[in-house]
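Comments concern the structure below.
The values are calculated or read from the model by the stated rules, or taken from the named source; none is laboratory data. These figures come from a predicted structure and were not determined experimentally. Glycine also receives a Cβ, built like all others from the backbone with ideal geometry; neighbour counts cover every protein chain displayed. These area figures cover heavy atoms from the full protein model, side chains too; ligands, DNA and RNA do not enter into them. Shrake-Rupley method; radii C 1.70, N 1.55, O 1.52, S 1.80 Å.
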Amino acid sequence: RRALDRQEFKLNLQSRIDLQPGQITLDAELLPWMNPTRGAVPPAQFIPIAEKSGLIIRIGAWALREACTQGRAWADACSPAKTVTVNISRVELQNDHFLDGLFETLNATGLNPGSLELDITESALMNYPARTASILKALKQRGVKISVDNFGIGSSNLTSLQRLPLDSLKIDR
């Protein structure tokens with residue numbers, strides 16, 4: 001509960017290069033939680049607990065702000081980076097304040113909405129389809145890119161995804 005206040009999380013941006021146009025995408029990756037007693041705790045161990053407890057909303061807001069801040073710094077330094085990709089959990093997506101918080105973060109950091117891509121898992125998209133479609137539409141209207149992560153592990157199909165304003169699909173192994 002106090003890990004954010006104690007700055008025990010760190011966000012790392014991994015570069016991904018699209019060789020065709022030579023465009024760089026920065027993928028936000030949450031590194032282990034550096035707990036003073038337990039040591040390095042991998043995200044796979046604490047993210048499910050954070051989702052169940054609702055703490056993922058604070059962690060996700062922090063990660064989004066960090067990623068947008070770093071993305072803006074890259075843009076200011078004349079880097080060819082065009083997109084910053086951030087994972088969004090099911091809990092965050094369904095939070096009533098998600099859109100307001102996201103747009104507030106974009107405004108505060110100065111990152112162009114067209115430079116942000118949200119990675120949302122297939123299962124998160126399909127939990128509340130009508131509400132999710134409305135959220136995705138609002139994001140697309142502001143220029144935010146949306147990709148489906150881990151497609152193929154849930155029960156949706158390509159036809160159901162065609163109804164959503166998506167930019168890319170990442171197929172699971």
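See the values below:
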{"read-out": "Tally, over segment 139-173, of residues that are surrounded by 16 or more Cβ atoms within 10 Å (Cβ to Cβ), in contact with a helix residue (DSSP H, G or I) (Cβ under 7 Å, 6 or more places away or on another chain) and either at pLDDT below 80 or within 20 Å of residue 100 (Cα to Cα) (or both)", "value": "6"}
{"read-out": "Test set (1) touching a strand residue (DSSP E or B) at 6+ places or on another chain (Cβ under 6 Å); (2) in contact (Cβ under 8 Å) with a residue 40 or more places away in the chain - residue 105 fails condition number", "value": "(1)"}
{"read-out": "Inter-residue pairs, beta-carbon under 6 Å, first more than 10 Å from residue 33 (Cβ to Cβ) and open to solvent by less than 100 Å² (accessible area, probe 1.4 Å) and in segment 3-14, second of a type in the set (S, T, N, Q) and not in a loop (DSSP other than H, G, I, E, B), 6+ apart", "value": "13/70"}
{"read-out": "Hey, residue 93 under 24 Å from residue 123 (Cβ atoms), under 12 Å from the mean Cα position of the chain (by Cα) and of a type in the set (A, V, I, L, M, F, W, C) or not", "value": "yes"}
{"read-out": "Selection from segment 15-26 of residues that are open to solvent by 40 Å² or more (accessible area, probe 1.4 Å) and assigned to a strand (DSSP E or B)", "value": "15, 16, 17, 18, 23"}
